[in-house]
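First the structure, in the form of structure tokens, and then the observations on it.
Just so it is clear, none of the values below were taken in a lab; they were calculated from the coordinates. Keep in mind that this is a model prediction, so the values were computed, not measured. All Cβ positions, even for glycine, are placed from backbone atoms using ideal geometry, and neighbour counts span all protein chains on display.
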């Protein structure tokens, strides 16, 4: 399937409706479609009864109201006639035969049980929702019809618009990951609101989520159906997955839109630079107490700005952690707020207003709406009877307004968490500890044991396995710290790791293999509320143990469960008791279902001898390669930089290097090469970045001038093309400056076709069919 045809959902020029509406929701859908067609003359309804008009009008989108119309034969007929997307709103599931009939045409199906889609730019509302959305720059992705309706209603009340909405329903074909990919690539979408009730494919979801979170904020709300004798409330493993992917999780629908309001209306606010102003000491206390509950110290104004504020509002008083404006007039209040927002120490002001006698809400709302500092202001209108109209007026004026001080501070925390998760996505981890385990031998041993009916390793076998990964089998009489590590199979996310500091008795922290040292430390800090950091050597040793156990999970598909207490002595020696429980299976899950995160592709490492018998090591890039990558880039000549990056770059930043070195191995092949005798110094790089659906990939090659002329570029490009062929990628392409004659010569020699670049006359595009490349070269 291809991601591109999802676009047919949102930009259809023709719509075919099959079946008659049998519910109020379906009737609303038909009314919305007809109204959209009337508003957009390019869009038309083809038929509501049969297939007779399809060959003439060729609708891009079909809407199935009745599953009896969605047979395999009719789906195939739709594909033959140019239909590229089906909106399946019927509650009946889409059959496997219908899905198979759609595949030859890349015909995408949304549903079943979908509430539909809307796209506000063209005014297309193909949804069952009774309210009309406002235009905006936020994409709404849900799996639930009821939450889609509630989210739209809530957003309208906050004057927040949407670029588009899609309800994936039961996800027979198009799922939340596909829609995240679409949102990440959509230039008209600035942020994403996501509701997740289930995760269909862990690797696909995590890959799409990471790609989206790298380029725009993604706020997520998870829901989980409560069943008797089942887990209740949010799933902590899902929460860990969201955090690993860089998503910002909100605990309820209100929090979701509070966070969105903070991101949209307060572009510069930080979590620890907020001043509290209010019209009364009690209202001030509400604001400061909310901040202290969220472990934020209220910011103080500089002495100059504080003095200017007290002069501008003579009835105001300084309470230290807040400013009480008292019975200041509207003019004096506006002047005070202006002094506070002008302070260089302050990112935003939390203004709490009570409707005391002589100070009603509405005039204050109107006065603030006319100011230029509203983008640095969070407003809380206390009460209910007069507060509700004030909040509506604030929403119309695009003020960041919240129902309580706690909600305002919580929204800022969401915003701060977004920046924190983005930093984590680009943090440079240290090199992983060396593990010299005989992986092939261990795999063979576990396979033999499982074939003989063994499900749990004996104490000796478990100790042997742990020792192979650098964790000794004997527990010392005295230890500095001890944690319990479990590995288990999650219904949605594959193999999940958890770590618990049993000395505290708090909830465990969760993570996913593979781990690096930074992620392992984060898990330990979460599991111990920071307690373990007090014993540095033991803390680092336990982080190393988690990394090693994560490598064990990656290396050994037969491993299906683990429960072990790992201890670290004062000098950092790792040990585990002899009663460790390790479960194995003879039927491991497929790799993509077993591991939510794509592991490091060690298999790509090889040694090649090129011209003049120079030997090079070629391998996949690692995050810890960042310093070597920066050294390589900084050593390039200006012409080399321009030929590779199409521009002159004077300084290569950490963010740029992190993007190069921290790749999603599921979608990207990035190779580095070094001389065999100087492995820490890079001689070149090659990158292949696949589109989300894996049909096309773009390549880039860089070889340092000291290593030119030995065939290194050719070998790198050949490796990339073989990887593309192994991944069934149809086409590999690259944009090359027209004056880059060596690169064009190399591309032609490998079979690339050179095409003119219509958008840029200074460059050309080279393309090659890659699906059969490896077979043809062999």
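Structure summary
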{"read-out": "Residue 396 paired with residue 763, simple spin-label distance in nm, labels 7 Å along Cα-to-beta-carbon", "value": "4.8"}
{"read-out": "For the chain: relative contact order, % (alpha-carbon pairs under 8 angstrom, 6 or more apart)", "value": "7"}
{"read-out": "Per-residue Cβ neighbour rank within 10 angstrom, fewest leading, 377, 581", "value": "581, 377"}
{"read-out": "Percent RCO, i.e. relative contact order, over segment 4-263, from Cα pairs under 8 Å lying at least 6 residues apart", "value": "15"}
{"read-out": "Residue 748-residue 425 pseudo-label distance in nm [points 7 Å out on the Cα-to-Cβ vector]", "value": "4.1"}
{"read-out": "Packing-based exposure ordering (other Cβ within 10 Å, fewest first) of 204, 745, 311", "value": "745, 311, 204"}
{"read-out": "Label-point separation in nm, residue 454 to residue 654, each point 7 Å along Cα→Cβ", "value": "4.7"}
{"read-out": "Relative contact order of segment 268-424, pairs being alpha-carbon contacts under 8 Å that are 6 or more residues apart, as %", "value": "26"}
{"read-out": "Per-pair calculated FRET efficiency, R0 = 45 Å: residue 755 and residue 613 via Cβ, rounded to 0.05", "value": "0.75"}
{"read-out": "Extension gain, residue 11 back to residue 525 (0.36 nm per residue minus Cα-Cα distance, nm)", "value": "180.3 nm"}
{"read-out": "Sites residue 20 and residue 198, calculated FRET efficiency, Cβ-Cβ separation with R0 25 Å, nearest 0.05", "value": "0.25"}
{"read-out": "Shape of segment 268-424, Cα gyration tensor, a/c cut at 1.5", "value": "oblate"}
{"read-out": "Segment residue 581-residue 634, extension gain: residue separation times 0.36 nm, minus the distance between their alpha carbons", "value": "14.1 nm"}
{"read-out": "Added length on full extension, which subtracts the Cα-Cα distance from 0.36 nm per residue, residue 373 to residue 121", "value": "87.8 nm"}
